[in-house]
Structure formats: C-alpha cells, structure tokens
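Contents: one structure, followed by commentary.
Read-outs throughout are calculated quantities, based only on the coordinates presented, and are distinct from any laboratory measurement. Predicted model, so just to flag it, every value in this text is computed and none were measured. All Cβ positions, glycine included, derive from the backbone under ideal geometry; neighbour counts span all protein chains shown.
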Amino acid sequence: MKEIKGKVAVVTGAAMGMGRRLSELLAADGAKVAMLDLDQKALDQTVKEIKATGAQVFPYTLDITQRPQVYATADKVRKEVGPADILINNAGVVYGSDFLDCPDEKFAWVMDVNVNGMAWMTKAFLPDMVAKKAGHVVNLASAGGILAVPKLSSYCASKFAVIGFTEALRMEMQRQRLPEIHFTIVCPSYVATGMFQGVKPPMLTSWMTTEQMADIIYQAFKKNKNYVLEPFMVKLAPLLKAILPSRTLDNINARLGVARSMKGWTGRK
C-alpha cells in the first residue's frame, strides 16, 4: 500500500515493541491508527507519547481471544475512527517447553492468542476492505512457522497455522476478484521482544531489535510483498526444507544450534 495518508489502520499488540513502532510509522505517514492492546496502562502511556507528536492514534483495550469483545471493539473503531483499510495482526505469545511437559492451559493459550485471536480480528475488519475492494492485512507468523524448533511445539503449531490461514485468505480474495486486498506474512527469526528471554539465537543469525524488524515489515507492507523472511538464513529455510531429506536438515539445524536455541528460555519477566 503506497498511499497511507488518510487510511484507517488497526494494530494489535500496539502498546510496545513492534506493534508500537508500526503504529508510529503508520501515524507518521498520516494514517489514523486504532491501537489495540490488553495492557491498558502501557497502551494509554504509548498513545499519549505518540499523540504528543501530533499523530492521530486511538487506544482500545482488548483481549483478542474474546470473540464478542473483538466484534464490539470493531464496531467502536468503525464509528469513532472509520472502516479499516489496514489490519496488522501483531499480538502474539510464546510458551517454551517440550510438548509432553506443556500444561494444557498453556498450549491452549498460545493457540487461542496466536491463531483464534488473529482469526477473530480478521473476521471483524476484513469486511471493511471487501466493501472498499481494497486494503492490506499483515499477519505476524515466524521462522518457526516454516521450520519447527524443539521446545516450541505450541508456538510452531500456531505459526504454521498463521501461514496457512493467510495464504488461504489471499486465494479467497483472488477468487472473489479482489486483487487490491493484499496480504503480507511476516516470518522473522528471534526478535528481542522479551517473549524470548533466555534464548540463544542459532549460528549465522543474531537478535533483531523490534525497531529493525518493524521497519523491515513496514517497507515490505508498502511494497505489497507477500512474505517477509528475516534475517538472511530464514530466506533459505523454505528452499532447504524442500530439497533436503529430513535427517539432513535436522543435522544442519543441530550443528547451527537451532535445536538448542530454546534451552535457556525463561520468557518475559
């Protein structure tokens, strides 16, 4: 989407990290940004700081896993800000453990936020774009949605789902002859959001800051790119997965430290 000025953007997980930075970039380009987050205190402070720059940003406290609440908030956004042109599904959570050690409620929580919450948000706001026959949805997946990682079974399951969900939506819009509704799937390696505290990035990769990743996402969004794969090693992952036997790929991942990367995970304190 090249023309941002005057558009209505909706961003989840907007109080901090990549969500905050993406909201800042959209607002700086003249968009009216509905900023959604579960943490009301952090959200109010962030909105106050961005508003001080003269930007048009609007706070909405929301638990995206609560479907009726999502739909009610969408109605409020339409009335108070306008129908959505842009949706950035940035909110996400992680829990690190072997699958058999993962408490059921933690597995369900990860799937509920990362998959169901994204689905409810999309179902709430995509009809605005269908009505306009134009728009853009950005969905945060992960490199863990391309190559699985031990101790990330719930997270990888959710991010594989995000990729499939988004690709299906893109094809559905094409079948409905709505080519101006674009979708971008974002697959980064480890980003220093706090959710991956204690993780050791694999060899040939390094921590990406939230600002770095958000800036890359924003430029890709403006160019209507279908995928964002970062850093460089993530770009190779689909090809390696396609051409290499599973055992060979597993050995490479072990040598690079992918399989050990979650060993020290503690999560956000």
Which whole-number percent is the relative contact order of the range 142-269 (Cα, under 8 Å, 6+ apart)? 34
Counting helices only, and only those DSSP H runs with n ≥ 4, report the 222 nm mean residue ellipticity of the chain as the sum of -39,500 (n - 2.57) divided by its residues, in deg cm²/dmol to the nearest 500. -14000 deg cm²/dmol
Which of the residue pairs 51/225; 48/123; 106/151 have a Cα-Cα distance greater than 19 Å in the structure shown? 51/225; 48/123
Packing-based order for 62-72, 177-187, using average beta carbon neighbours within 10 Å, highest first: 177-187, 62-72
Positive-end residue of 9, 66, 117, charge dipole of the chain with Cβ unit charges: 9
Counting only C-alpha contacts under 8 Å and six or more residues apart, can you give the relative contact order of the range 8-256 as a whole percent? 17
Just how large is the dipole of the chain about the Cα centre, in debye to the nearest 20, putting +1 at every Lys and Arg Cβ and -1 at every Asp and Glu Cβ? 520
Candidates 206, 153, 23, ranked by Gaussian network fluctuation over the chain, Cα under 10 Å, top entry: 206
Taking Kirkwood radius over Cα pairs in Å as the quantity of interest, determine which of (i) 21.8; (ii) 18.2; (iii) 18.9 was computed from the displayed structure. (iii)
Applying 1/(1 + (r/R0)^6) with R0 = 41 Å to the Cβ-Cβ distance of residue 72 and residue 252, what FRET efficiency is obtained, to the nearest 0.05? 0.30
22 Å Cα-Cα threshold exceeded, pairs from 79/133; 5/159; 159/200; 2/159: 5/159; 2/159
Placing unit charges on C-beta atoms (Lys and Arg positive, Asp and Glu negative, everything else neutral), compute the dipole magnitude of the range 149-269 about its Cα centre in debye, rounded to 20. 300
